[in-house]
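J.: Please see the structure below; I have some questions.
The numbers here are math on the coordinates, done by the rules we state, and not lab data. Quick caveat: nothing in here was measured; it's all calculated off a predicted structure. Every residue, glycine among them, receives a Cβ derived from its backbone with ideal geometry; neighbour counts consider all protein chains shown.
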Amino acid sequence: MEEVGLDFGNFMAPGLEGGLDPKFFFGDMSKAFEKAHAFVQAERALGALGFMDLPYASDTVYQVQQVANSFGQSFKDVVILGVGGSALGAKALKEALLGPYWNERSEEERDGFPRLHIIDNPDPLTVNRILERVNPERALFNVVSKSGKTTETMAQYLVARERVESIVGTERAREHFLFTTTLGAGVLYRIGEAEGIPMLSIPEKVGGRFSVFSSVGLFPAAMCGVDLSALCRGAAKMEERCRDGQLSKNLAGIIATLLWHADEEQGRPIHVLMPYSDRLKSTALWFQQLWAESLGKAHQLDGTTQSTGPTPVVALGSSDQHSLLQLLMEGPDDKVVVFVHVQDHGQDVVIPNAHVDMPELAYLGGSSLTELINTGQRATAEALRLVGRPNAVLHLPQIDEITVGQLLAVLQIATIYAGALYRVNPLDQPGVELSKRLTHRLMGHEGAEHLELQSSDPRWTL
């Protein structure tokens, strides 16, 4: 199995001016990681880290694949209704493994698999456009909500349900829905039980942003022909690599420790993930939620209050070499960059030998776009190193189920180690709850608690 690797030499002295002393990194920082590792292992033993077991849940893979197979070629479109972690993981898998133009391919080019649409925001224009593009008679709607009461997701469900019923009738509408939720509780479960709508389970100990290897991420992938077993094998391989309590042997531990130290000790709280592949942009957006919602906390594990947490930023190479790089090079020295390099992009385009009499173009002839994009990544990393800006490179041999499984797993596990280093709970999101409660109140939810809402001050309104 080809493995995802990490080059972090551009964090270290003497290669980077002002970089980390290797003796310090594998000394004091290693001791900090050992404590974090022991804490994580203890939490896992208590059953708190259920997502780490998902790659080994062969029964879940089998069940999801069976459900996907049962639909066969009945549907031309699959529409995922979710928000946040209920959608970002599925979108990351879709774009990485199916490519960003999956829906534009012909049915033959898709080998008969359906188009996949992911509605993760209740923007009325987007919702309408997607619902107008699919034929409800040949569409399956997968409603994803662990609690079964997520406001945005349930609103999307009600809109989709009415559209489907208007075309196929109330009785047949249930045949066009699948619920992914907590079995035994919640409104989605009650509707599913009452109407005989098939359901897939979200494990109790798995939160939304850690759910990509559960039915939340696996079902949409399975419907489009992704090899779930290979995806989970890749994730399992990475989980095994990241069990070691020795920092030098733990890939997730190195990522977490470098980024935590950059924030806490070097004043670099902005962490940029910059893949050099269009197919991995949604993976970076998935990581953005994972890093921000897990680590941006006010309450420490010891009961004290202290706001901590880095700010993740998504960039895309080579595009952002021409937008963000100026800031990364000469702006405030408060950022670190983690590049994602892909050795084999699966296809290549040779650059023609043309205008050979013009040196400005002639040097490109005979090389390829793969060589160009990968050279751009190397050049950008080196440019940052030369001005003293730390950066690291995650190396992927190619983009397939095995490597994507490894990449998503290492970023999840690194987040848990980072939570231990920051001394916060990376599994909760108390800061999000107030917004949810206020939304319920403003939308007129009868069961919502009463909250005093401040009216707009006309002095500050134009």
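J.: Work out the length of the dipole vector of the stretch 50-228 about its Cα centre, built from +1 on the beta-carbon of each Lys and Arg and -1 on the beta-carbon of each Asp and Glu, and round it to the nearest 20 debye.
T.: Roughly 320 debye for the stretch 50-228.
J.: 5 Å is the cut-off here: which amide hydrogens, built 1.01 Å from N in the peptide plane, fall below it relative to residue 339, excluding neighbours closer than 5 in sequence?
T.: Counting only residues 5 or more places away or on other chains, the set is 274, 392, 393, 394.
J.: Okay, next question. Please quote Rg/Rh for the stretch 185-271 to two decimal places, taking the Kirkwood radius as Rh and restricting both calculations to Cα atoms.
T.: 1.14
J.: In cubic angstrom, how much convex hull volume per residue do the alpha carbon atoms of the stretch 32-78 span?
T.: Expressed per residue, the convex hull around the Cα atoms of the stretch 32-78 is 104 Å³.
J.: Sticking with this one: Whole percent per 10 Å bin, from 0 to the bin with the longest distance: what is P(r) over all C-alpha pairs of the stretch 50-228?
T.: Values per bin, smallest distances first: 10, 41, 39, 9, 0.
J.: In whole Hz, with x marking every Gly and Pro, tabulate ³J(HN,Hα) for the stretch 282-296 from phi via Karplus 6.51 cos²θ - 1.76 cosθ + 1.60, θ = phi - 60°.
T.: 5, 5, 5, 5, 4, 5, 4, 5, 4, 6, 6, 6, 7, 10, x
J.: Sort the following peptides by mean Cβ neighbour count (other Cβ atoms within 10 Å, averaged over residues), highest first: 129-135, 240-246.
T.: 240-246, 129-135
J.: Neighbouring Cβ atoms within 10 Å as the yardstick, rank 197, 119 fewest first.
T.: The most exposed by this proxy come first: 197, 119.
J.: Let me see the pair-distance distribution of the stretch 334-462: every alpha carbon pair, 5 Å bin width, integer percents in order.
T.: Result, from short to long distances: 2, 7, 9, 10, 10, 11, 10, 9, 8, 8, 7, 4, 3, 1, 0, 0 percent.
J.: Then there is this: Listing 170, 60, 180 from the residue with the fewest other Cβ atoms within 10 Å to the one with the most, what is the order?
T.: Sorted ascending by nearby Cβ count, the order is 170, 60, 180.
J.: Please list, by residue number, every one of the chymotrypsin sites (Phe, Trp or Tyr not before Pro) in the stretch 48-144 that is coil in DSSP and has at most 16 other beta-carbon atoms within 10 Å.
T.: Within the stretch 48-144, the qualifying chymotrypsin sites (Phe, Trp or Tyr not before Pro) (loop, at most 16 other Cβ atoms within 10 Å) are 101.
J.: While we're looking at this one, here's another question. Go through the stretch 385-399 residue by residue and turn each phi into a ³J(HN,Hα) via Karplus (6.51, -1.76, 1.60, θ = phi - 60°); whole Hz please, and just put x for glycine and proline.
T.: Rounded to whole hertz, the list is 4, 5, 9, x, 9, x, 7, 9, 10, 7, 9, 10, x, 6, 10.
J.: Mind listing P(r) for the stretch 125-200? All alpha-carbon pairs, 5 Å bins, whole percents.
T.: Taking all Cα pairs of the stretch 125-200, the binned fractions are 3, 16, 28, 26, 17, 9, 1 percent.
J.: Report the charge-dipole magnitude of the chain in Debye, nearest 20, computed about the Cα centre from +1 at each Lys and Arg Cβ and -1 at each Asp and Glu Cβ.
T.: For this selection, approximately 780 debye.
J.: Cβ under 15 Å from residue 403's Cβ, residue 403 left aside: what net charge do those residues give with Lys, Arg +1 and Asp, Glu -1?
T.: -4
J.: Can you list, largest first and rounded to whole Å, the semi-axes you get for the chain by taking the square root of 5 times each eigenvalue of its Cα gyration tensor?
T.: 37, 29, 23
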